[in-house]
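The values are calculated or read from the model by the stated rules, or taken from the named source; none is laboratory data. Computed from a predicted model, the values in this text were never measured in an experiment. Note that we place each Cβ from the backbone using ideal geometry, even for glycine, and neighbour counts take in every protein chain shown. Calculation scope for accessible area: heavy atoms of the full protein, side chains included, ligands and nucleic acids excluded. Shrake-Rupley method; radii C 1.70, N 1.55, O 1.52, S 1.80 Å.
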Amino acid sequence: SKEKESSRSDSKEEEEEEQEEKEEDPEDRTARVIFARRIQWPVQNLAYSIRVVEELLGELRVLQEPLSKSTCSFLPELQPAIRVGSAFEGWSPCEDDVVYRVLVPLKPPRGHAFHLELGTEQEMLTRNFCVRVELVCTCTSEQLVENMLCFLHHPEEELRRNQDPSLLCTLCTGSYLDVQKTAYWFQNFVMSSLLPQWCCYKMKMLPSSRSCKLQLTKSSRRTLFIEMITTWPESYAVAEVKFFRHVARQAPHNSFHLKCLQVCARILVGTGFSTYALKTVVMHLLTQIPLSNWRPRDFPSRLGDIMKYLLSCLEEKRLDHFFFGNEGVPEEVILPLDFQTAKPLNLIHHLTQDPDAHAEALCEFDEL
């Protein structure tokens, strides 16, 4: 019965699409078709690349698992990776040299706890948070681990003699997780673990002080770029993934919101406008314009709405970050309380302080 229901639903949607096409303005239809043909995404390449990325991440977790279970190792534990960014979402502005980005959340090792601390307004704009590392007592029966000494209550001499150093002594600066030390540790782990396993690829580690960037080249000369970012679950990128998943569930199956984003992102290539600012604009509009109005027939209108919204932001010198103090964030996207109660953050605050930069941005928009 469910299959019949689904079939009836699909048939109804197809009929509605046909009716919409008949009612669509000929000029709008021509524009939509031209855009759609010019921005076809190579589905086969995407599927192949995703499969390779997931195989690589799966092997990493298998290789790291013995370390996480060891009672003498106190390094972070890798959690299931989260696919993020335009390449996985299907709106990358460029088909060549696409970077597949994944977040690899870190779980604190035994005897440790992570505490996310929001920084200053400028630090939040640049996504720079601090992760404070705290030692946790392991003397209680609930947390007792065989042969493990408590970092808080055993003498330092005994700890040095019988146990590996705590995370505070290896990947931290002071009481905080050090991004560069963590990235260097992760890069070494990846190269030492994967090189013997992935002999069919020429693997190269690209320079980065904050993440692990890999270039994989196969004998066929097909090249794949992967960036693995070690982080904690509370992240803008994770919230963005959840938001677009929510939209995909609520929107019509033929929704063009990602195509709109892709077209505009391509238009912005080579300009001073960031794709993140554009993504923020589209996220705001997706909560303001009914999702039923993002169908193919609405394509030209929504492109116009996106550019008008961007222009109004430039004129007012204000583009609010989507997740800070925004009541329009869907309930399904659960955010830390600090995000919900924070004041809105202006992503283009610099334009309020630099008249020349503001004038240049307006001129560049006119050219677009």
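Numbers below:
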{"item": "Test result for Leu144, assigned to a loop (DSSP other than H, G, I, E, B), modelled with pLDDT under 90 and exposed (fewer than 11 other Cβ atoms within 10 Å of the Cβ)", "result": "yes"}
{"item": "Pairs, first assigned by the TED database to the domain that holds Leu57 and among the hydroxyl-bearing types (Ser, Thr, Tyr) in segment 165-186, second part of a strand (DSSP E or B) and open to solvent by 70 Å² or more (accessible area, probe 1.4 Å), C-beta under 6 Å, six or more apart", "result": "Ser175/Arg132; Tyr176/Arg132"}
{"item": "Selection count where residues are touching a residue at least 12 places away in the same chain (Cβ under 8 Å) and not in a helix (DSSP H, G or I), scope segment 147-164", "result": "9"}
{"item": "Checklist (1) out of contact with any helix residue (DSSP H, G or I) (no Cβ under 7 Å at 6 or more places or on another chain); (2) surrounded by fewer than 20 Cβ atoms within 10 Å (Cβ to Cβ); (3) of a type outside the set (D, E, K, R) applied to Ile229, failing item", "result": "(2)"}
